[in-house]
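Inspection log for the structure reproduced underneath, given as structure tokens.
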Amino acid sequence: MMNRKKKNLTILLLAVLNFILTIFAITNLKSMVPINIFKSDIGKMCSKQMLLAIPLLVIVISLIQVFYRLKTMDKPVTTGKLIEDGTFAFVDGLLICINWLLVYISSIYTKTTLINVEIPVIYIVMGIIGLVMAGIYSTYPINKKGSILGLRTKETLEDDGVWRISNRFNGFTGFVSSIIVVLLAAYYIVYGFNFVYLLLAIIFCGMLMFYVPRLHATMIARKKSKKAIE
């Protein structure tokens, strides 16, 4: 029950975080930006504040998702429910990608007054990969022991309790790492590539996804073993 409540809070926090980051991203844009971004001539324009429409829509969808989850809080987690959650996450992720693509194009227009810009496919794919990773890691706390989507170590496979606690922890660290990947992709879309940030992200996310969860599992197993001996 507590894990589901934390997940609901995380969904809302991510939606609000995306909205706040978008506000910061559009601060330096021109007051008017083009909306016919795939044409060679500048036609219709809109206020840069209109770029907040998609982040607001993401918040609304997230609220609908949370209210739906609260109504089904006492029901068991089924395959159908996981698919529904995945659908919500996919829609949110797709809207966030479109949102940052529009911010990117508007920022290029602000600098060059051109609208024929190169779409940063690599960074968009990077953001989508981050969202897929977030979806995968969010299943860790509920996956059965021995699942391929889980922290499979000697300690976790030998004890149900260690499996449950360790995968709950790894689900959180992996989810955080995934969001870092998404935010880094968004940063690259708006401000361009930065090798230092990429290196720091690789080191930090690698630690969170692989080393820290395994160390945590070993510590939990030793703690349980020590209590059993006492």
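State all residues of the range 135-157 that are open to solvent by 30 Å² or more (accessible area, probe 1.4 Å), more than 29 Å from F19 (Cα to Cα) and touching a residue at least 24 places away in the same chain (Cβ under 8 Å); if no residue qualifies, say none.
I142, N143, E155
Right, F172: open to solvent by 70 Å² or more (accessible area, probe 1.4 Å) and either under 18 Å from Y211 (Cα atoms) or touching a Pro at 6+ places or on another chain (Cβ under 7 Å) (or both) or not? Before the answer, list the steps.
Details: open to solvent by 70 Å² or more (accessible area, probe 1.4 Å): yes; either under 18 Å from Y211 (Cα atoms) or touching a Pro at 6+ places or on another chain (Cβ under 7 Å) (or both): yes.
Spelling it out, F172 is indeed open to solvent by 70 Å² or more (accessible area, probe 1.4 Å) and either under 18 Å from Y211 (Cα atoms) or touching a Pro at 6+ places or on another chain (Cβ under 7 Å) (or both).
Do we have any residue at all in the range 140-159 that's at pLDDT 80 or above, β-branched (V, I, T), closer than 30 Å to M219 by Cα and under 11 Å from the mean Cα position of the chain (by Cα)?
no
Among the residues of the range 188-230, write down those that are under 23 Å from I136 (Cα atoms), of a type in the set (F, W, Y) and without any contact (Cβ under 8 Å) to a residue 12 or more places away in the chain.
Once the filter is applied, which keeps residues that are under 23 Å from I136 (Cα atoms), of a type in the set (F, W, Y) and without any contact (Cβ under 8 Å) to a residue 12 or more places away in the chain, the range 188-230 yields F210, Y211.
The values are calculated or read from the model by the stated rules, or taken from the named source; none is laboratory data. Quantities reported herein were computed from a predicted structural model and do not represent experimental measurements. Cβ: placed from backbone, ideal geometry, glycine included. Neighbour counts: every protein chain shown. Accessible surface areas use protein heavy atoms only, side chains included; no ligands, DNA or RNA. Shrake-Rupley method; radii C 1.70, N 1.55, O 1.52, S 1.80 Å.
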